[in-house]
Amino acid sequence: MKLLSETEALQGLLAGTGSFIVTGVTKSGTTWLQRMLDSHPEIACGGESKLNAFLTQLGPALRAYNEALTKTNDKIYKEAAVYQPLGQTQAVAVMQYLFLDRLGAVQRHAATAGKTAPKWIGDKDPDYKRELASWRRILPEARVVSTTRDGRDCFVSLWFHLYPDREPLAEENRADFLARIQGHAATWRDTMAKFRKDDAEHPGRHFAIRYESLLDDAQGEMRKLFQWFGCDASAATVSKVVEQNAFSVASGGRRPGEADPTSFVRKGIAGDWKNHFDEECNRLYCEIAGEALTAAGYEV
């Protein structure tokens, strides 16, 4: 039987190629990083596969299947039952198969740009952070690249991404803005803890990169990342990658700090939260994530 997605062909295609995922809190620079990685001649990085949406539904689907199977076995087949309940082994195999299929799509897309044999193929998706421990079991050989950004900047950027015409502290928006702050702070805090834990448990296979550091010295940061991958980190290659993905290019000519609330690439600066938080906003955020912000080197 030949599988529709030609698994054997994909495995052969990707043999000897490293795999990785890029993840981070939404609006922490994952897309910028993905595009720079994908611009390197030896790396192909897609975005976003949304496989985490499948993973979160797989557990309930397996339970429903096992319940139906057990009911039938108990009622009809008893000790003669052929099929046993599915477990973690099959669940992991399903997700590995899907990830392999998605990497195949990245590889085929890269080939159109002349990358016929990239050293590394990966996927970027902020959602990987939600079930990072599960993804480590699914992808034991994969590397993880995580992005960190001041959580308050992430929150403000996400707000304008969702509501480009709603100034956060305007009277008609303030209550909604305040109501969302602590939930976001908890997500940011917990994500930072996940990344620290993953880095400690998988030495050499987790690279943490700060959005603010990319703003200050994109070439220096990307050089270190390319070296970590064992890829060409020459000045010429790094410079070309960074220049191709500069804010002015991605934004259509704007400089960092020149905002366009309707653009996915809105402002491109650090510390913008100070322009949209008042004392109450900062207090609410820091009640939840203050220690994590301090530990990450951000002022509170």
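The values are calculated or read from the model by the stated rules, or taken from the named source; none is laboratory data. Treat the numbers as computed from the prediction; the structure is a model and nothing was measured. No Cβ is skipped: glycine too gets one built from the backbone with ideal geometry, and neighbour counts run over all protein chains shown. Keep in mind that these areas ignore ligands, DNA and RNA; they rest on the heavy atoms of the full protein, side chains included. Shrake-Rupley method; radii C 1.70, N 1.55, O 1.52, S 1.80 Å.
Determine if region 159-166 includes at least one residue that is within 22 Å of G297 (Cβ to Cβ), in a helix (DSSP H, G or I), modelled with pLDDT of 95 or more and not basic (K, R). Within region 159-166 (the criterion being within 22 Å of G297 (Cβ to Cβ), in a helix (DSSP H, G or I), modelled with pLDDT of 95 or more and not basic (K, R)), the answer is no, since none of the residues qualifies. If you go through region 108-166 and keep only what is under 16 Å from G29 (Cβ atoms) and among the aromatic types (F, W, Y), you end up with Y128, F155, F160. Say whether the condition of being out of contact with any strand residue (DSSP E or B) (no Cβ under 8 Å at 6 or more places or on another chain), β-branched (V, I, T) and farther than 30 Å from D101 by Cβ is met by at least one residue in region 135-145. The answer is no; no qualifying residue exists. Every test in (1) in a helix (DSSP H, G or I); (2) open to solvent by less than 10 Å² (accessible area, probe 1.4 Å); (3) closer than 30 Å to A289 by Cα is passed by R137 save one, and that test is (2). Of the listed requirements (1) open to solvent by 50 Å² or more (accessible area, probe 1.4 Å); (2) touching a residue at least 12 places away in the same chain (Cβ under 8 Å), P164 misses just one: (1).
So how many residues does region 256-300 have that are within 23 Å of H161 (Cβ to Cβ), β-branched (V, I, T) and in contact with a helix residue (DSSP H, G or I) (Cβ under 6 Å, 6 or more places away or on another chain)?
Start the filter on region 256-300 by keeping residues that are within 23 Å of H161 (Cβ to Cβ), which leaves 256-278, 280-282, 284-286, 288-289, 292-293, 296, 298.
Of the ones still in play, those that are also β-branched (V, I, T) are 262, 265, 269, 288.
Those left that are additionally in contact with a helix residue (DSSP H, G or I) (Cβ under 6 Å, 6 or more places away or on another chain): 265, 288.
Of the residues in region 256-300, 2 are within 23 Å of H161 (Cβ to Cβ), β-branched (V, I, T) and in contact with a helix residue (DSSP H, G or I) (Cβ under 6 Å, 6 or more places away or on another chain).
Do the conditions hold for A185, that is, is it buried (at least 16 other Cβ atoms within 10 Å of the Cβ), more than 23 Å from D127 (Cα to Cα) and of a type in the set (G, A, S)? So A185 fails the test.
Of the residues making up region 167-182, those that are under 24 Å from G24 (Cα atoms) and open to solvent by 50 Å² or more (accessible area, probe 1.4 Å) are A179, R180, Q182.
Could you check region 244-281 and list, in sequence order, the residues that are among the acidic types (D, E) and under 16 Å from D216 (Cβ atoms)?
Narrowing region 244-281 to residues among the acidic types (D, E): 258, 260, 272, 278-280.
Correct list: D272 only.
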